[in-house]
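**Student:** Take a look at the following structure, please.
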Amino acid sequence: MQLLVTLGVFAPLLGAAIAGLFGRRIGNFASQAVTTGLLFFSCFVAWTVFIQHTWGHMEAFTVQIAPFINVGDFQSNWAIRIDALSAVMLIVVTSVSSLVHLYSWGYMAEDDSRPRFFAYLSLFTFAMLALVTAADFMQLFFGWEGVGLASYLLIGFWYKKPTASAAAIKAFVVNRVGDFGFALGIITVFWMFGTIQFAELFPMIADRAGTGWEFLGHTWSALDLAGALLFVGAMGKSAQFFLHTWLPDAMEGPTPVSALIHAATMVTAGVYMVCLLSPIYEYAPTASLLIAITGAVTALFAATVGLMQNDIKRVIAYSTCSQLGYMFFAAGVGVYESAMFHLFTHAFFKALLFLGAGSVIHGMHHEQDMRKMGGLWKLLPVTYAVMLIGTIAITGLGIPEIGGFAGFYSKDSIIESAYAAATTGHSAAGYFAFIVGLLAAALTSYYSWRLIFMTFHNKPQWTEEAHAAHAHGHDDHATDAQLETHSEPLPDAHDDHAHDHHGPLHPHESPWVMLVPLILLSVGAVAAGFIFAPHFIGHHENEFWRGAIFSGAGNHVLHDSHEVPKWVKWAPLVVTLIGAAFALYYYVLREGLAKRMAEAKGPLWTFLYNKWFFDELYDVVFVRGARALGDLFWKVGDVKIIDGLGPNGAAWASLKSAARLGKIQSGYVYHYAFVMLLGVAGLLAFVIATFGA
C-alpha cells in the first residue's frame, strides 16, 4: 500500500513533466492522454485508500521518502502522511482533477497550447497532493507555494489577454500577503516547540498551552499568536474577507481552471490546514474566535455581492467564497468534522456548477453574460439537468429527518453546530455565525436560482428578435450592460478563438466528453451527503476520524448539534425557500422587474454591484498609496535630498567654485605680484603677532 500511495502522489508530477517538456514532440492527443491517464491512476489509488480507511479499518501511516531540509535543529523530511484527513483530501483532489482533465478534452479542443495547459493542471494537482500528505510544516509550505505558482500559470494561461495576465498577478500578490503571515506562523511554532514535525508537535501542545510571549510590556498567548498568523495564510489561500479580491478575477482563466481552483484544491487548502491543526486551535481560543468571525463575515459578504453579478462564472465564484466562510466558522466554533464534511460535499456540487457553467459558455459560443442567455433548457437539456442538481445541492434544499442532496447534510450541520456552540458552549461568535449562516443561506438560494432562471428560463436574449430589439435600443438588458462594460471580463477564450457575434447565436449541447464528468459529479452532489454523513458527523464519526481531528475535553459542540430544537433544524429550509421564492418572483413571475430596479442605480444596488468597493479602496490605499510613497522616496528623498546634497550637490559646488577660482587666474604679472605682496604682508603680520617686534 505504501508503494502504491507513493506512486499515486507522484503520478501527476510525471504527467506534468512529460507534457511540459515533450508536449510539442508527442502532440496534443498524447499529452492529454498521458496526463489524464496518470490522474485517473492517482484517483484510483485515492479511492482505494479511502475505502480501506472507511470500511477496511486501515490504520494511519507515514511513508518516509527522503531528507528535505536539515539545518541545525530545523529538520524536515519529505514524507507522505496518510490518515483520515489526508484520505478525504486525496479523493477530493484527485476525483475533481481527473474529471477536469477529461472535461478539458472537449472544452480546450480549439486551443493549440493543450500540452502546456494539461502540464499546468497536473503540476497543480501534484502540488496539492504534496500539501495534503505533508508530515511537517515545511512540506506543507512547499505544497502551499506550489499551488500558488500553478494557479498563477493557469489563471494567466491566455497570457495575450491583458485581463488574464492582470488577474494572475493579482492572485499571486494577494496570496503572498497571506503567505507572509503563514511563514511567520511556522516560525512561531518552531520557536515554541523546536520542531515542525506534526507527529512530534501535536503531543506537546497541551503541556505548553500557557506559553507566553513578552511584547510591548504585555504577555501574549504564544499559541494564539501562532494560530492567528497561520490563519492569515489560510485567509489568502481560501479568499477570506480582506484577502478575497483575487478570487473573482481568477475567472479570467479557462473554466476548467475555475472548477479546479474553486472546487477541490487551492481554496480549500486553508480549511484543511485549520482542521489539521485542530490541536493548536483547541488551545487558542482567541485565534479560533478570529476564525469564526472572519468566516461568518466572509459568508455574508460574498453572498451579498453574488446577488448582483451577471457573469455566470463570477456568481459561482462568489458562491465559493461564501461557502468557504461556512467552513471556516464551523472550524472556528470547534466542529472541524462539519467543516471537512462541507469541504467534501462542496467539491462535488461546486465542480459540477463550474463545469456546468463551462458547458453553457461552450454552447453559447463563449458568452458568459447571463443577461444575454435565457430559454436554454430545451437546447441544453443535460447541462440544465446537472445544473439543477448542483443548485439544489448548494442551496441545501432538503427535509429534516428525511433527507436531501449533499449540501443539505453538510450545511445544515454547520448551522446547527453554530447554534449549539452559542447555547451550550456560551459562544458569542456562535450566535453571530448562526444568524449569519441563516441569512447567507437565504441569499445563496436567491442568487443560485437567479442564475438558473436567467440562464435557462425567461425570454431568450440570443434570438433574432432579441438582436433586432437590441439594434433599435429596446433590449431589456442594454442599459445595464452598458453600465458594466468597464468591468465585465473578456470572453472565456483565447483571443485567437474568441467569436465576435453580430447575429443571433445558435446554442448547442456540449460533447459527451464534457457531459460525462458532469453526470459523474452530479452523482456525488446527490449521494455524497446521505452516504457519508454517518461517517463524517454521525454515529461512526469517532471511528472514522480516529484522532486525525482533535477535540478538547470541553468541546461537545458536534454532539450537542444533534440535540438542537426542531425549529433550528427547520430554519435553513425555511430561509432557503424564501430566497428561492424571491428569485422566482423577480425573474419569472415579474420578469424585467429586477432590470428596472438595476436601472434605478440605487445606493444599495451600487454598493453591492461594486463589491463593497473593495477593489477601489485597495487601489486608493495600496496601489496609489504605494505609488505616492515611491514617488516621495524617489523625487524627494532620492533626487532632491540624496542626489541634491550628494553627488549632484558636490558636483554643482565643485563646478561653481572652480568657475570662480578660475577667474583669479587672469594671466597679468602685476596681478600675481600684488597677490605675492599680500602674502608677504600677511606672513610678516603673523610673525610679529606670534613672536613680537
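The values are calculated or read from the model by the stated rules, or taken from the named source; none is laboratory data. Computed from a predicted model, the values in this text were never measured in an experiment. As a convention, Cβ positions derive from the backbone with ideal geometry for all residues, glycine included, and neighbour counts pool all protein chains shown.
**Student:** Is it the case that region 540-556 has a residue that's closer than 30 Å to MET373 by Cα, surrounded by fewer than 15 Cβ atoms within 10 Å (Cβ to Cβ), of a type in the set (D, E, K, R) and more than 30 Å from the chain's Cα centre (by Cα)? Explain how you work it out, then say what you get.
**Tutor:** Just the residues of region 540-556 that are closer than 30 Å to MET373 by Cα, to begin with: none.
No, there is no match, as no residue in region 540-556 is closer than 30 Å to MET373 by Cα, surrounded by fewer than 15 Cβ atoms within 10 Å (Cβ to Cβ), of a type in the set (D, E, K, R) and more than 30 Å from the chain's Cα centre (by Cα).
**Student:** Name the pairs whose Cβ atoms lie under 9 Å apart, with the first residue in region 626-653 and within 30 Å of VAL173 (Cβ to Cβ), the second part of a helix (DSSP H, G or I) and aromatic (Phe, Trp, Tyr), and 6 or more positions between them or separate chains?
**Tutor:** Filtered contacts from region 626-653: no entries.
**Student:** Here's another thing I want to ask about it. Could we say that PHE408 is closer than 28 Å to SER86 by Cβ, surrounded by 23 or more Cβ atoms within 10 Å (Cβ to Cβ) and in contact with a strand residue (DSSP E or B) (Cβ under 7 Å, 6 or more places away or on another chain) here?
**Tutor:** Numbers: closer than 28 Å to SER86 by Cβ: yes; surrounded by 23 or more Cβ atoms within 10 Å (Cβ to Cβ): yes; in contact with a strand residue (DSSP E or B) (Cβ under 7 Å, 6 or more places away or on another chain): yes.
Yes.
**Student:** Given the criterion more than 19 Å from THR268 (Cβ to Cβ) and of a type in the set (Phe, Trp, Tyr), identify the matching residue among PHE141, PHE137, PHE118. Write out each step before concluding.
**Tutor:** Details: PHE141 fails: more than 19 Å from THR268 (Cβ to Cβ); PHE137 fails: more than 19 Å from THR268 (Cβ to Cβ).
Just a single option satisfies the conditions, and that option is PHE118.
**Student:** On to the next question. Give the residue, chosen from GLU252, GLU282, that is among the acidic types (Asp, Glu) and under 16 Å from PHE328 (Cβ atoms).
**Tutor:** Numbers: GLU252 fails: under 16 Å from PHE328 (Cβ atoms).
Residue meeting the stated conditions: GLU282.
**Student:** Now a separate question. Quickly run through region 238-268 and pick out the residues that are over 9 Å from the mean Cα position of the chain (by Cα), surrounded by 24 or more Cβ atoms within 10 Å (Cβ to Cβ) and hydrophobic (A, V, I, L, M, F, W, C).
**Tutor:** Result: MET251, VAL257, ALA259, LEU260, ALA263, ALA264.
**Student:** Would you call ALA292 closer than 30 Å to ALA109 by Cβ and buried (at least 24 other Cβ atoms within 10 Å of the Cβ)?
**Tutor:** No; evaluated as a whole, the condition is false for this residue.
**Student:** With respect to the numbered conditions (1) touching a residue at least 24 places away in the same chain (Cβ under 8 Å); (2) of a type outside the set (A, V, I, L, M); (3) surrounded by fewer than 23 Cβ atoms within 10 Å (Cβ to Cβ), which one is the sole condition not fulfilled by ASN70?
**Tutor:** (1)
Let's see how each residue does on (1) surrounded by 15 or more Cβ atoms within 10 Å (Cβ to Cβ); (2) over 22 Å from THR268 (Cα atoms); (3) of a type outside the set (Asp, Glu); (4) free of Cβ contacts under 8 Å to residues at least 40 places away in the same chain:
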residue	(1), (2), (3), (4)
LEU4	no, yes, yes, no
PHE40	yes, no, yes, no
VAL49	yes, no, yes, no
SER76	yes, yes, yes, no
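**Student:** Additional query: Among what's in region 50-66 and is in a helix (DSSP H, G or I) and either more than 16 Å from PHE536 (Cα to Cα) or among the polar types (S, T, N, Q) (or both), pick the residue that is modelled with the lowest pLDDT.
**Tutor:** THR54
**Student:** In addition: Return yes or no: is SER42 over 17 Å from GLU200 (Cα atoms) and within 26 Å of the chain's Cα centre (by Cα)?
**Tutor:** Details: over 17 Å from GLU200 (Cα atoms): yes; within 26 Å of the chain's Cα centre (by Cα): yes.
Yes; evaluated as a whole, the condition is true for this residue.
**Student:** Out of LEU577, LEU608, LEU589, LEU655, I need the residue that is of a type in the set (A, V, I, L, M), on the phi < 0 side of the Ramachandran plot, modelled with pLDDT of 90 or more and out of contact with any Asp or Glu (no Cβ under 8 Å at 6 or more places or on another chain). Which one?
**Tutor:** Numbers: LEU608 fails: modelled with pLDDT of 90 or more; LEU589 fails: modelled with pLDDT of 90 or more; LEU655 fails: modelled with pLDDT of 90 or more.
None of the others qualify; the one that does is LEU577.
A quick yes/no check of all residues on (1) within 30 Å of LEU397 (Cβ to Cβ); (2) in contact with a helix residue (DSSP H, G or I) (Cβ under 9 Å, 6 or more places away or on another chain):
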{"position": "GLY579", "(1), (2)": "yes, yes"}
{"position": "ARG590", "(1), (2)": "yes, no"}
{"position": "ARG596", "(1), (2)": "yes, no"}
{"position": "LEU608", "(1), (2)": "yes, yes"}
{"position": "GLU616", "(1), (2)": "no, no"}
{"position": "LEU629", "(1), (2)": "no, no"}
{"position": "ALA653", "(1), (2)": "no, no"}
{"position": "LYS656", "(1), (2)": "no, no"}
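**Student:** Any idea how many residues of region 624-647 are of a type in the set (A, V, I, L, M) and either exposed (fewer than 12 other Cβ atoms within 10 Å of the Cβ) or touching an Asp or Glu at 6+ places or on another chain (Cβ under 7 Å) (or both)? Don't jump to the end; show me each part of the working.
**Tutor:** Within region 624-647, the subset of a type in the set (A, V, I, L, M) is 626, 628-629, 632, 636, 639, 641-642, 645.
From what's left, either exposed (fewer than 12 other Cβ atoms within 10 Å of the Cβ) or touching an Asp or Glu at 6+ places or on another chain (Cβ under 7 Å) (or both): 626, 628-629, 632, 645.
The number of residues fulfilling the criteria is 5.
**Student:** Something else now. Any idea which of ALA164, ALA171, ALA183 is touching a Pro at 6+ places or on another chain (Cβ under 9 Å) and among the small types (Gly, Ala, Ser)?
**Tutor:** Details: ALA171 fails: touching a Pro at 6+ places or on another chain (Cβ under 9 Å); ALA183 fails: touching a Pro at 6+ places or on another chain (Cβ under 9 Å).
Answer to the selection: ALA164.
**Student:** Residue pairs, Cβ under 8 Å, 6 or more apart or interchain, first in region 348-364 and outside any helix (DSSP H, G or I), second of a type outside the set (A, V, I, L, M, F, W, C) and surrounded by fewer than 24 Cβ atoms within 10 Å (Cβ to Cβ). List them.
**Tutor:** MET364/LYS372; MET364/PRO507
**Student:** Further, regarding this structure: Name the one entry in VAL88, VAL93 that is within 22 Å of GLY148 (Cα to Cα), in contact with a Leu (Cβ under 7 Å, 6 or more places away or on another chain) and crowded, with 24+ Cβ neighbours inside 10 Å. Working first, answer last.
**Tutor:** Details: VAL88 fails: in contact with a Leu (Cβ under 7 Å, 6 or more places away or on another chain).
Of the residues listed, the single one that is within 22 Å of GLY148 (Cα to Cα), in contact with a Leu (Cβ under 7 Å, 6 or more places away or on another chain) and crowded, with 24+ Cβ neighbours inside 10 Å is VAL93.
**Student:** Here's a follow-up. Among the listed residues GLY375, GLY390, GLY325, GLY334, identify the single one that is in contact (Cβ under 8 Å) with a residue 24 or more places away in the chain, in a loop (DSSP other than H, G, I, E, B), of a type outside the set (Phe, Trp, Tyr) and crowded, with 24+ Cβ neighbours inside 10 Å.
**Tutor:** Numbers: GLY375 fails: crowded, with 24+ Cβ neighbours inside 10 Å; GLY390 fails: in a loop (DSSP other than H, G, I, E, B); GLY325 fails: in a loop (DSSP other than H, G, I, E, B).
Of GLY375, GLY390, GLY325, GLY334, the one residue that is in contact (Cβ under 8 Å) with a residue 24 or more places away in the chain, in a loop (DSSP other than H, G, I, E, B), of a type outside the set (Phe, Trp, Tyr) and crowded, with 24+ Cβ neighbours inside 10 Å is GLY334.
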